[in-house]
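Structure first, commentary second.
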Amino acid sequence: MNASLKKAKIPARKLNILFHRYLGYFFAGLTIIYCISGLAVNHIEDWNPNFIIKKNKVSIIPLKDRENLSNNELAKILAQLEVKQKPKEDNIFYSEEEIIEIVLAESEKITIDTTENTAEHEKISKIPLLHTFNFLHLNNPKKMWTFYADFFAFSLLLISITGLFMKKGKEGFWGKGGLLLVAGLIPPLIFLFIYY
Amino acid sequence: MLKKKVLAVATLGLVSFANLVYAGDTLKLGEDLTITDKTKVSDVLANPENYLGKTVLIEGKITDVCTKRGCWLKVSSDKKKQKIVVKVQDGEMVFPLEARGKTAKIEGVLYKAEEEEQHQHEYEEKHNHEHQSGKEKEHKHKHDHKMKKKATYMFKPTAVVIE
């Protein structure tokens, strides 16, 4: 195929179709990933698109010394919350007035409110798949992924532009297609006019 | 057969790439550290006005991280009843949840938080993961009044090393 490509001049239209088809296939998976993540993070004000957070709050007996949680008190609180893991000494923080924070693990924490006399166990787990989709979409990896994401963005641009010229004549860019292109730009322009 | 080979190579490539992204126990965010002398968090908080706008290196254990956007983390002080909130603009750096309980070296600048920003942080911290029902909106309103009376300092990082 390469040899024949070199010999015969490929018409621009054919090249356009080839680019559109093969880039489209190649990036379809990542486009779907980005779309799903886009939908998820678009509503970040209403929900957490990365984690499922489970909380369990219990009432506790008032602490004897609010600035020094005794082993006995800690053991009772852990039992009440049905937590088996014992925290490390240096992971108990008295960093706020009336609040004691205990980090059990990166995804597990206990917050003791010494005025309300409550203890809350918080357990966080990643939302399967969606967490990884967001990780890529929001460019959390940085480094090499930035370059690949740039390449993807450039390819999407090419897919869009070549898409404009897939059809000839009345159905194409200079006909109905062009009208739809203009129509598609109107909603963002209206929103810009209202909100910008 | 060819299809199987292509699939195998693609899978191997993906796995290697994932390993490359997650490699190492130390996480570096932002620029490289340029300061070696650490300033105690308690010193910064004792005289915050003296440190405003100055670049310093602090160190402490991370007690919490923003689970929504990874846009803030709380660093414990060397003294009780103290903490410092390290805050970035969304996307500038993303603090991972895995940072909780780990030690961070943070180079950056102390600044006086705008009421609105402080309020936003505190509110997100308390209601990080919940929908806003009518009751919560009412609570937010009350919380808003309470926060306006406080002057708070936050830390804007340029370099973060989490170990």
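No value in this document is a laboratory result; all are computed from the given coordinates. Source: prediction; values computed, not measured. When we count neighbours, we look across all protein chains shown, and the Cβ atoms used for this are built from the backbone with ideal geometry, even at glycine.
Below, the figures for the structure above:
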read-out	value
Fewest-first ranking of A:Phe27, A:Phe193, using other Cβ atoms within 10 Å as the exposure measure	A:Phe193, A:Phe27
Footprinting exposure proxy for A:His131, A:His137, A:His43 (fewest neighbouring C-beta atoms within 10 Å first)	A:His43, A:His131, A:His137
5 angstrom amide H check on B:Tyr153, placed H, neighbours 5+ away	B:Ala113
Residue among A:Thr111, A:Ser70, A:Gln85 farthest towards the positive dipole end of region A:52-126, charges placed on Cβ	A:Gln85
Net charge dipole size for chain A [Lys, Arg +1 and Asp, Glu -1 on Cβ; Debye, nearest 20]	2440
Region B:25-38 - phi-based ³J(HN,Hα) in whole Hz, Karplus 6.51/-1.76/1.60, Gly and Pro as x	8, 8, 10, 10, 10, x, 7, 7, 5, 10, 9, 9, 7, 7
Fewest-first sequence of A:Met166, B:Met154 by Cβ atoms within 10 Å of each Cβ	A:Met166, B:Met154
Dipole magnitude of region A:52-126 about its Cα centre (Cβ charges: Lys, Arg +1; Asp, Glu -1), debye to nearest 20	500
Whole-number D in µm²/s for chain A (Stokes-Einstein; Kirkwood sum over Cα pairs; 10 °C, 1.306 mPa s)	71
Charge tally in the Cβ shell below 13 Å around A:Thr118, where Lys, Arg are +1 and Asp, Glu are -1, A:Thr118 excluded	-3
